[in-house]
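Participant: Just passing along the structure, written as structure tokens.
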Amino acid sequence: MAILTGAFLLGAYASVQAQQTPIFVVTDTSVRQGQFGAVAISRDTIVSSYPRAAREVRFRFSLNGLENEFPGGTEHTIYLRPRNGRMVTRVYEFGVEDAPAPPTPEQSASSEDGTGGVTFRLDLRRVLASIREKGYYDPPLGARIRRGELAHVYVIGDPEPLTWSYEALRPGSAAELTDRDHDGIYEGTVPIATEYARPRTSDGRALWARTLNLAGFPVLSSSQRIQDALYRLSLEELMQLVREDGALSAGAKWTGVWTRDISLSTILTLAIVAPDAARRSLLAKVDSSGRIIQDTGTGGSWPVSSDRMVWALAAWEIYAATGDSAWLRQSYDITRRSALADLHAVRDAETGLFNGESSFLDWREQSYPRWMQPADIYRSQNLGTNAVHYAAYRVLANMARALGEPGERWDSIADGVQAGMTAYLWQPQRGWYGQYRYGRTYISLSPRAEGLGEALASIYGAASREQRQALIQSAPVVAFGTPTFWPYIEGERFYHNATIWPFVTAYWTWAAAEGGNTAAVQRGLDDATRTTALFLTNKENTVASTGHYEGTALNSDRQLWSVAGTLAGTYRLLFGMRLEPDRLAFRPMVPPSYAGDRTLRGLRYRRAVLTVTVRGYGDAVSAARLDGRAIERAEIPAALIGPHTLEIAMNARWPATTVHLVESRFAPGTPRVTLRGGALRWVPVPGAIRYVVYRNGAPTTRTTSTNVAVRRSDGLQEYQVLAVNAVGDESFLSEPVRVVATGDEQTVKPQAAGLERERAGYTGAGYLRLTRQQNISVTVPVRVSRAGTYAVDMRYANGNGPINTEDKVAVRTLLVDGDTAGVVVMPQRGVNQWNWGWSNVVRAQLTAGAHTLVLTYTPFDENMNRRENTALFDVLRLTRLAPESATTVGRR
């Protein structure tokens, strides 16, 4: 690790990795990175010698025209760069995921236009050997293929003429692969048209030349031609994202409106530059009951994912920008209804924190250990999600007061979130918040740093002044920006894992400005300039180690929040705009390399039209004049009407500060632990030099061995193991291993008529179907012999959707002796996969004797689907917790 000063980092950065030293330099007209460069020929034209963004080809293979290689969301990816009209893939092995191997830009030379004949190659030797030797092959998905049944092999995917429709596959089509020389390697060539983000100039460079009329936006002019050109490029891409209904797509590849995307983009800049489109987009994410929509997500969306409340932050920004009182009333009611459901289903009263998946990092294995099921992810408490909830309840309080209503209730909830974040997520020894708390019955903290969450905690004030300064100085950044989280997950593909998302860097840079960290502000501005100028589009993400857009699982051009992030460099940093309910404040931070006069003309704020000029450089304003008259603060009151001129002079100070520049590093793999012969045992983890054994969420033993004896004691003990490498990076904790004392666990069948037996794997006489109309209240009488705290969970099945998306999670409220004990969440487990798993754990205090548990469906249990809220209920499990651990909430 290296601590570098802001002065050292002005305009050029060197990676601390010994094997790679990518350097880039930002000037007033250009960006240079090694052999590549981008130059602003004018404010409407940029040329770049960086490899043009090529067309992604995403595909899977299919045996007999069936979905049997990978589930949805997992596929192979190549970038279409033919030479002499042809491109040949490497040889893929059926059912084997691609190992992450990101190319460098030097390996992605620009290629020819036209149509390329792509030859796909597939190794089926292992499949054929299994059929030959055993008489069958069991694919990763779907039914067994017996001897004589393997008739056709296909490639399926996009773009056209490939298709994701299995029904459209036909023998003899271009999508069929054949083994002409009988060596077990199947091949087929498909003609696919090339497509690049930008055209080429006559000398082979990529070209952006503005074509759209930007008259509706503020006009930026400065001595930094490259900044002015990137501002116009981003406004043009924003216009290209407007849909026919006036709402904004999430990106070139993401044509829908996504709650978190539009919200985080609105907060960054859209409330200022496009408030009408932002408002229309936000309203598209409100359901017919007047609640904020949680986008499709892990296990069936809300409440497994719960960051939809970021909508409220965007709504408040629009109100602050426009002063629209009708919008304030409407958005407050929408937010309040959503908050009430969250308080019922998502808030953990014990810690004050909110459960739910990590905000925006919603691709399960890209952020969490693979053993975690969606029910475990629901139980996790994430930094980014809780920073959103903290800010949302502050916003609710502010909205209420602006409407003349009391806001104390909402402030109290926000106070609880803030206290919980400090008590359970903050790591004073590291100087940043941990990424999330996770586990099953007992919860521990993952110490990884999470870029967006750290930034939101700083910007919205969940972090104290001291915490903000510490985390901006201490939290890790890499050579090309702020990683989504660090260290990375070994062996997983790059998307949320091991990547940089420009909008996260934008939020991080804004947070750095709030904390007065000059080095981080300089880095953030230059990072944003590099990516957009070289790529000539606002890419969705880049690989953290290379800074290159190729190598991630998915990547879109003109990604909305990346567009907003580039614009935020102008609005939030170089002009320092902060929207308040009664004023527009300007708090610019301008590095010396960005010095000069910078003017925005035609900036609309409520009923005023402003011309704003910032002169010089510095970390604070030294003087301001409104219409030629000196004013105490660089602020525009909300009541101002008509055209006005604001002139701001900077203080010419840029004190040296530090940032924490780290290598792109991967943590050790997660141990796989089993209980055999009274001992925990695991296979050595590559790179690990020691292990730490956890019992009930707390470390108990450090060892270099790969086995540790355990004993049964009172109640439930949950054991986990993590691996530590030579530099101190920790793996995820392993899947919990349950050790239960005799008599401290029981399962109870529901008492209700109408048990079903269609789905195999149930216990006893059958299972009970729970729907919105059927068995909406199910009573389960229990008797316990000993008083104590009990973990209550439910064995269930839910095959109404895939594990990674859609919105059909089943939700029920658990009553214990008439009082609400918590919410039972039963996520989707796969399309038509009616296999059995366990729900989240709800804790209940029980005295010795008889008790009545009721599983009931309430209006607050309504999921995002609002039609299908179904699960199969097998048994309820009660496990008595060990007395010394019954109050453990998992600080670490």
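The values are calculated or read from the model by the stated rules, or taken from the named source; none is laboratory data. Since we're looking at a predicted model, the values are computed, not measured. Every residue, glycine among them, receives a Cβ derived from its backbone with ideal geometry; neighbour counts consider all protein chains shown. SASA here: full protein model, heavy atoms, side chains in, ligands and nucleic acids out. Shrake-Rupley method; radii C 1.70, N 1.55, O 1.52, S 1.80 Å.
Participant: Of the residues ILE156, ILE145, which single one is more than 22 Å from ALA553 (Cβ to Cβ), of a type in the set (Val, Ile, Thr) and open to solvent by less than 30 Å² (accessible area, probe 1.4 Å)?
Facilitator: ILE145
Participant: Follow-up. Any idea how many residues of region 852-869 are more than 15 Å from SER305 (Cα to Cα) and acidic (Asp, Glu)? Break it down stepwise before answering.
Facilitator: Initial filter on region 852-869 (more than 15 Å from SER305 (Cα to Cα)): 852-860, 866-869.
If we keep only those that are acidic (Asp, Glu) as well, we get 868.
Matching residues across region 852-869 total 1.
Participant: Ok, one more. Return only the number of the condition from (1) part of a loop (DSSP other than H, G, I, E, B); (2) modelled with pLDDT of 95 or more; (3) more than 14 Å from TYR332 (Cα to Cα); (4) not basic (Lys, Arg) that PRO406 does not satisfy.
Facilitator: It is condition (3) that PRO406 fails.
Participant: Quick check on this structure: which one of ALA101, ALA109 is loosely packed, with under 13 Cβ neighbours inside 10 Å, without any contact (Cβ under 8 Å) to a residue 60 or more places away in the chain and among the hydrophobic types (A, V, I, L, M, F, W, C)?
Facilitator: Numbers: ALA101 fails: without any contact (Cβ under 8 Å) to a residue 60 or more places away in the chain.
Testing whether each residue is loosely packed, with under 13 Cβ neighbours inside 10 Å, without any contact (Cβ under 8 Å) to a residue 60 or more places away in the chain and among the hydrophobic types (A, V, I, L, M, F, W, C) leaves just ALA109.
Participant: Being open to solvent by 20 Å² or more (accessible area, probe 1.4 Å), of a type in the set (S, T, N, Q), under 30 Å from ARG786 (Cα atoms) and touching a residue at least 40 places away in the same chain (Cβ under 8 Å) narrows it down to one residue among THR763, THR742, THR670, THR700; which is it? Can you show your working first?
Facilitator: Values: THR742 fails: touching a residue at least 40 places away in the same chain (Cβ under 8 Å); THR670 fails: under 30 Å from ARG786 (Cα atoms); THR700 fails: touching a residue at least 40 places away in the same chain (Cβ under 8 Å).
Being open to solvent by 20 Å² or more (accessible area, probe 1.4 Å), of a type in the set (S, T, N, Q), under 30 Å from ARG786 (Cα atoms) and touching a residue at least 40 places away in the same chain (Cβ under 8 Å) holds for just one of THR763, THR742, THR670, THR700, which is THR763.
Participant: On to the next question. Output the number of the condition that ARG653 fails; it satisfies all remaining conditions of (1) part of a strand (DSSP E or B); (2) of a type in the set (Lys, Arg); (3) touching a strand residue (DSSP E or B) at 6+ places or on another chain (Cβ under 7 Å); (4) open to solvent by 40 Å² or more (accessible area, probe 1.4 Å).
Facilitator: (1)
Participant: Considering only residues that are touching a strand residue (DSSP E or B) at 6+ places or on another chain (Cβ under 7 Å) and either open to solvent by less than 10 Å² (accessible area, probe 1.4 Å) or closer than 18 Å to TYR857 by Cβ (or both), which ones fall in region 767-781? Walk me through it before giving the result.
Facilitator: Step one: list which residues in region 767-781 are touching a strand residue (DSSP E or B) at 6+ places or on another chain (Cβ under 7 Å), which gives 767-770, 775-781.
Selection gives TYR767, LEU768, ARG769, LEU770, ASN775, ILE776, SER777, VAL778, THR779, VAL780.
Participant: Then there's this: If you scan region 673-692, which residues turn out to be surrounded by fewer than 20 Cβ atoms within 10 Å (Cβ to Cβ), of a type in the set (Gly, Ala, Ser) and on the phi < 0 side of the Ramachandran plot?
Facilitator: Scanning region 673-692 gives a single hit, ALA679.
Participant: For region 882-892, does any single residue satisfy the condition of being outside any loop (DSSP other than H, G, I, E, B), at pLDDT 95 or above and of a type in the set (Ser, Thr, Tyr)? Step through it out loud before you land on a result.
Facilitator: First pass over region 882-892, keeping only residues outside any loop (DSSP other than H, G, I, E, B): 883-885.
Right, trim to at pLDDT 95 or above and you get none.
No: region 882-892 contains no residue that is outside any loop (DSSP other than H, G, I, E, B), at pLDDT 95 or above and of a type in the set (Ser, Thr, Tyr).
Participant: Here is a further query. Would you please name the residue that is modelled with the highest pLDDT, looking only at residues in region 656-667 that are part of a strand (DSSP E or B) and either open to solvent by 30 Å² or more (accessible area, probe 1.4 Å) or among the β-branched types (Val, Ile, Thr) (or both)?
Facilitator: Applying the first criterion (part of a strand (DSSP E or B)) to region 656-667 yields 658-661, 666-667.
Imposing the further condition that a residue be either open to solvent by 30 Å² or more (accessible area, probe 1.4 Å) or among the β-branched types (Val, Ile, Thr) (or both) reduces the set to 658-659, 666.
Working: THR658: 93, VAL659: 94, PHE666: 97.
Among them, the one singled out is PHE666.
Participant: Kindly check whether there is at least one residue in region 280-297 that is buried (at least 23 other Cβ atoms within 10 Å of the Cβ), modelled with pLDDT under 95 and not hydrophobic (A, V, I, L, M, F, W, C).
Facilitator: Looking for residues that are buried (at least 23 other Cβ atoms within 10 Å of the Cβ), modelled with pLDDT under 95 and not hydrophobic (A, V, I, L, M, F, W, C), one finds at least one in region 280-297, hence yes.
Participant: So, in region 831-855, exactly how many residues are over 17 Å from ILE776 (Cα atoms) and assigned to a strand (DSSP E or B)? Give the steps one after another, and end with the answer.
Facilitator: Applying the first criterion (over 17 Å from ILE776 (Cα atoms)) to region 831-855 yields 831-851.
Applying the additional criterion that residues be assigned to a strand (DSSP E or B) yields 831, 837-838, 842-846, 849-851.
Going through region 831-855 one residue at a time, the tally reaches 11.
Participant: Another question about this same structure. What's the total number of residues in region 391-412 that are under 28 Å from the mean Cα position of the chain (by Cα) and open to solvent by 50 Å² or more (accessible area, probe 1.4 Å)?
Facilitator: Step one: list which residues in region 391-412 are under 28 Å from the mean Cα position of the chain (by Cα), which gives 391-399, 410-412.
Narrowing the set further to residues that are open to solvent by 50 Å² or more (accessible area, probe 1.4 Å) leaves 394, 398, 412.
The total comes to 3.
Participant: Same structure, new question: If ALA109 meets every condition in (1) assigned to a loop (DSSP other than H, G, I, E, B); (2) among the aliphatic types (A, V, I, L, M); (3) more than 23 Å from LEU207 (Cβ to Cβ) apart from one, which number is that one?
Facilitator: Unmet condition: (3).
Participant: Further question: Name the residues in region 53-69 that are open to solvent by less than 10 Å² (accessible area, probe 1.4 Å) and not polar (S, T, N, Q), would you?
Facilitator: Answer for region 53-69, where residues must be open to solvent by less than 10 Å² (accessible area, probe 1.4 Å) and not polar (S, T, N, Q): ALA53, VAL57, PHE59, PHE61, LEU63, GLU69.
Participant: Among the residues in region 805-813, are any modelled with pLDDT under 95, out of contact with any Ser or Thr (no Cβ under 9 Å at 6 or more places or on another chain) and open to solvent by 10 Å² or more (accessible area, probe 1.4 Å)?
Facilitator: Checked region 805-813: no residue is modelled with pLDDT under 95, out of contact with any Ser or Thr (no Cβ under 9 Å at 6 or more places or on another chain) and open to solvent by 10 Å² or more (accessible area, probe 1.4 Å).
Participant: Now, a different point. From PRO199, PRO161, which residue is more than 27 Å from ARG90 (Cβ to Cβ) and open to solvent by 40 Å² or more (accessible area, probe 1.4 Å)? Walk me through it before giving the result.
Facilitator: On the way: PRO161 fails: more than 27 Å from ARG90 (Cβ to Cβ).
One residue alone meets the criteria, PRO199.
Participant: What number of residues in region 333-347 are open to solvent by 10 Å² or more (accessible area, probe 1.4 Å) and in contact (Cβ under 8 Å) with a residue 60 or more places away in the chain?
Facilitator: Our first condition is that a residue be open to solvent by 10 Å² or more (accessible area, probe 1.4 Å); within region 333-347, this holds for 333, 336-337, 340, 343-344, 347.
In the following step, the residues that additionally are in contact (Cβ under 8 Å) with a residue 60 or more places away in the chain were identified as 336, 340, 343-344, 347.
Selection size over region 333-347: 5.
Participant: Follow-up. Looking at region 233-241, can you tell me whether even one residue there is touching a residue at least 24 places away in the same chain (Cβ under 8 Å), among the acidic types (Asp, Glu) and open to solvent by 40 Å² or more (accessible area, probe 1.4 Å)?
Facilitator: Residues of region 233-241 touching a residue at least 24 places away in the same chain (Cβ under 8 Å): 233-241.
Pick out the ones that are also among the acidic types (Asp, Glu) and you get 236-237.
If we keep only those that are open to solvent by 40 Å² or more (accessible area, probe 1.4 Å) too, we end up with none.
No, there is no match, as no residue in region 233-241 is touching a residue at least 24 places away in the same chain (Cβ under 8 Å), among the acidic types (Asp, Glu) and open to solvent by 40 Å² or more (accessible area, probe 1.4 Å).
Participant: Another question about this same structure. I'd like to check which helices (runs of 4 or more DSSP H) are fully inside region 252-350 and have at least 2 residues that are under 26 Å from SER412 (Cβ atoms). Break it down stepwise before answering.
Facilitator: Working: elements: 259-265, 275-283, 310-322, 325-345.
It comes to 259-265, 310-322, 325-345.
Participant: Also: When only residues in region 351-382 that are acidic (Asp, Glu) and assigned to a helix (DSSP H, G or I) count, which is farthest from PRO487 (Cα to Cα)? If you could, list the steps in order and put the result at the bottom.
Facilitator: Applying the first criterion (acidic (Asp, Glu)) to region 351-382 yields 357, 362, 365, 376.
From what's left, assigned to a helix (DSSP H, G or I): 365, 376.
On the way: GLU365: 15, ASP376: 22 Å.
Among those residues, the one meeting the criterion is ASP376.
Participant: Would it be correct to say that THR611 is open to solvent by 20 Å² or more (accessible area, probe 1.4 Å), of a type in the set (Val, Ile, Thr) and modelled with pLDDT under 95?
Facilitator: No: the conditions fail for THR611.
Participant: What's the number of the only condition in (1) assigned to a strand (DSSP E or B); (2) buried (at least 21 other Cβ atoms within 10 Å of the Cβ) that GLN828 fails to meet?
Facilitator: Of everything listed in (1) assigned to a strand (DSSP E or B); (2) buried (at least 21 other Cβ atoms within 10 Å of the Cβ), GLN828 misses just condition (1).
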